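Asks: Before I ask anything, here is the structure I am working with.
Here, each number is a calculation from the coordinates, and none is a lab measurement. Computed from a prediction, not measured in an experiment: that's the story for all the values here. No Cβ is skipped: glycine too gets one built from the backbone with ideal geometry, and neighbour counts run over all protein chains shown.
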């Protein structure tokens with residue numbers, strides 16, 4: 001009986017001997033590597049997702065600005081947009097003037113990082129209809145596409161870019177707008 005007891009004591013000592021310094025060092029190194037890689041992955045994904053979130057918001061913003069140019073801005077209960085103009089003039093690449101159904105000339109043009117709507121029929125005469133986020137670049141361009149006769153179509157480009165995590169994130173829209181009240 002004593003032999004089996006001494007065998008048990010020997011077995012207990014074998015399995016309860018603890019960890020060596022080498023085993024603890026290897027386990028700590030593996031833990032550090034796993035933690036560092038998971039933290040790096042998390043930070044990379046966070047930056048990438050934030051960039052996509054900013055891109056989505058910029059794209060939404062430029063589409064809203066385009067809608068305000070084409071459909072118009074409320075003046076009382078009437079929308080005087082570019083689509084319903086009776087004529088238009090592109091005075092420079094980023095300014096368009098057009099005549100509304102009330103025969104008043106309105107304008108859209110950039111002012112720094114803002115889109116300005118100007119109308120003699122409203123008070124005040126100028127209104128900011130869109131402002132790009134701080135630190136971003138706002139671009140507005142108008143052109144008359146070739147191949148369209150009768151001066152009835154205008155091209156519009158609106159873009160906003162912003163630095164995010166060392167990269168430039170952009171949202172933009174480019175389209176042609178048919179002026180409804182002009183003959184084709």
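Asks: With a 10 Å Cβ neighbour count serving as the proxy for reagent exposure, in which order, fewest first, do 79, 34, 140 appear?
Replies: Ascending number of Cβ neighbours within 10 Å: 34, 79, 140.
Asks: While we're here: Neighbour counts of other C-beta atoms within 10 Å: give me 64, 45 arranged from fewest to most. Mind dumping the intermediate values first?
Replies: On the way: 64 14, 45 10.
If I rank by nearby Cβ atoms, fewest first, I get 45, 64.
Asks: Report, to two decimal places, the Cα Rg of region 39-129 normalised by 2.2 N^0.38 Å (N = number of residues).
Replies: Normalised by 2.2 N^0.38 Å, the Cα Rg of region 39-129 equals 1.47.
Asks: Among 77, 170, 86, which one shows the biggest mean-square fluctuation in a GNM of the chain, springs joining Cα atoms closer than 10 Å?
Replies: 77
Asks: Could you check which residue among 51, 155, 76 shows the biggest mean-square fluctuation in a GNM of the chain with a 10 Å Cα cutoff?
Replies: Highest fluctuation of the listed residues: 76.
Asks: Same structure, new question: How large is log10 of I(q)/I(0) for region 46-96 at q = 0.13, 0.20, 0.30, 0.32 Å⁻¹ when the intensity is taken from the Debye formula with one equal scatterer per alpha-carbon?
Replies: Values, matching the q order: -0.49, -0.78, -1.08, -1.11.
Asks: Kirkwood hydrodynamic radius, the chain, all distinct C-alpha pairs: what's the number in Å?
Replies: Numbers: mean 1/r = 0.0473 Å⁻¹.
Evaluated over the chain, this radius sits at 21.1 Å.
Asks: Divide by every residue of the chain the summed helix terms, -39500 (n - 2.57) for each DSSP H run of at least 4, and state the resulting mean residue ellipticity at 222 nm, rounded to the nearest 500 deg cm²/dmol.
Replies: So the calculated ellipticity at 222 nm is -13000 deg cm²/dmol.
Asks: How far is the Cα center of region 26-56 from the Cα center of region 92-161, in Å?
Replies: Result: 43 Å between the Cα centres.
Asks: GNM, the chain, Cα, under 10 Å: largest mean-square fluctuation among 123, 173, 99?
Replies: Of 123, 173, 99, the Gaussian network model singles out 123 as fluctuating most.
Asks: May I pose another question? I need 42, 80 ordered by Cβ neighbour count within 10 Å, fewest first.
Replies: The order, fewest Cβ neighbours first, is 42, 80.
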